[in-house]
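Below you'll find the structure, written out as structure tokens, and then a few comments.
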Amino acid sequence: MAIRKPDAELDPRARQLLRTLIGRYIRDGEPVGSQTLARHAGLDISAATIRNILSDLEEGGLLASPHTSAGRIPTTQGYRVFVDSLLQVRPLPEGEVARLRQELPTGSGTQALLGSASELLSAMTHFVGVVGVPKREQFAFRHIDFVPLDAQRVLAILVFADNDVQNRILHTRRAYDAIELERVANYLNQHFAGRPLADIRATLLQELRAARTEMETLLAHTVELAEQALVPGGGDDVVLAGQTRLMGLQELSDLDRLRDLFEAFARKREILQLLERTARAPGVRVFIGEESGIAPLESVSLVTAPYVAGGRVLGVLGVIGPTRMAYDRVIPVVQAAADVLGAALDQPPGG
């Protein structure tokens, strides 16, 4: 339903009633009636006047009336107005920021930091913590070793500048002995340490075209091995924690919806696409219900923020929970976690 009365046109009494109603509903999970609002809204108006204002808010698409109750609950549009202009968000208390820094120490390996971040987001909000994994090509290559496995398979042991180690099986057109593999590894380590993967592959091909004699043979071997060893990828795209926290929540008691949601968690594809859509937007983004555009997430909200290191957005983290979540609590947790994770990734391992 379209909002016929946008927030800019809501008078102060309507704004205060909407703020109070949504606050009470988030706290108690029960439809809110005019008598309750008369006691808690702090307005010197009659219950009849309150009912008239609530009726206007319902006509405007901001509230809905469940059939079994005289009270009202917020719609997705009502939550949107609440989050955008009625919510008072304070910075996360310093004690909790200190907890984040302690659990996400600078100089840790990337995978460990991402796992800890998702667990912390879940523990601090009691919902699902989600962290998008940075693409490997954003990290500099540090060291590589090759180990012959059999006639046409080689194990590449790849170490990145953030201390992440990946093992990749390479399928080669010919057999390589240990001496050949050592020469290739030495060449890559000597000439390309500290450079991103895509840059290395492009430079190798350019050098091969210009090479002559014995160097050409070494470069040809290097290109064949590097083409597979230095491709981006490996590992999960999204790290999730705390999915079972959503089980038993009143808002997610529909078993079909819950099953669809858990299937989306298992696939991760839709969640990754949603996170990538928010990567270029600074600050916290809030997707409420159907705003995500992803059917399994229509019964939940997603609060996200990008994390930045070295002046670049490496990924996006966030929290998935019911639309009836304490946004004033979740938003500062997500923002602080993004800041602390970015700072931790900005430090070299062991630094």
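The values are calculated or read from the model by the stated rules, or taken from the named source; none is laboratory data. As the structure is a prediction and not an experimental result, all values here were calculated from the model. Here the Cβ is made from the backbone with ideal geometry for all residues, glycine too, and neighbour counts use every protein chain on show. All accessible areas refer to the heavy atoms of the entire protein, side chains included, with ligands and DNA or RNA removed. Shrake-Rupley method; radii C 1.70, N 1.55, O 1.52, S 1.80 Å.
Brief remarks on what is shown
- The listed residues MET325, MET247 rank as MET247, MET325 when sorted by accessible area, largest first, using a 1.4 Å probe.
- Net charge, PRO66 excluded, C-beta distance under 11 Å - Lys, Arg +1, Asp, Glu -1: 0
- Nearest-0.05 FRET efficiency for ASP328 and GLU96, computed from C-beta distance (R0 22 Å): 0.95
- Accessible area of LEU149 in the full protein assembly, 1.4 Å probe (Å², nearest 10): 80
- Between amide H atoms placed 1.01 Å from N, distances below 5 Å from VAL300 occur with GLY289, all of them 5 or more places distant or on a separate chain.
- Across region 18-27, computed HN-Hα scalar couplings (Karplus, 6.51 cos²θ - 1.76 cosθ + 1.60, θ = phi - 60°) run 5, 4, 5, 4, 5, x, 5, 5, 4, 6 Hz from first to last residue, x flagging Gly and Pro.
- Degrees between helix 178-192 axis and first principal axis of the chain (Cα, 0 to 90, nearest 10): 60
- Counting only alpha carbon atoms, the long axis of helix 110-125 and the longest principal axis of the chain meet at about 10°.
- Test item: Cα-centred dipole of region 127-179, Lys/Arg +1 and Asp/Glu -1 on Cβ, debye: 200
- Charge sum, other residues only, whose C-beta stays under 10 Å from GLY293's C-beta, Lys/Arg counted +1 and Asp/Glu -1: -3
- Taking amide H positions as modeled 1.01 Å from N, with prolines and chain starts lacking one, the residues under 5 Å from HIS143 and 5 or more places away or on another chain are VAL159.
- Only helical runs count toward this figure. For the chain, summing -39,500 (n - 2.57) over DSSP H runs of n ≥ 4 and dividing by all residues gives -14000 deg cm²/dmol at 222 nm.
- Accessible-area value, ASP28, 1.4 Å probe, nucleic acids and ligands omitted, Å²: 70
- When nucleic acids and ligands are ignored and a 1.4 Å probe is applied, ARG153 ends up with an accessible area of around 90 Å².
- Share of carbon and sulfur in the accessible area of region 27-92 stands at 45%, probe radius 1.4 Å.
- Across the accessible surface of region 114-173, with the other protein chains kept in place and a 1.4 Å probe, carbon and sulfur atoms take up 53 percent.
- With all protein chains kept in place, the per residue accessible area of the chain amounts to 48 square angstrom at a probe of 1.4 angstrom.
- Solvent exposure, largest accessible area first (probe 1.4 Å, DNA, RNA and ligands not counted), of HIS221, HIS171, HIS191: HIS171, HIS191, HIS221
- Length gained on full extension, ALA193 to ASP145: 16.0 nm, using 0.36 nm per residue less the C-alpha separation.
- Summarising the label geometry, the points placed 7 Å from Cα in the beta-carbon direction at GLN166 and ILE179 lie 3.2 nm from one another.
- Local charge for LEU43 was computed over the other residues whose Cβ lies under 12 Å away, with Lys and Arg +1 and Asp and Glu -1, and equals +2.
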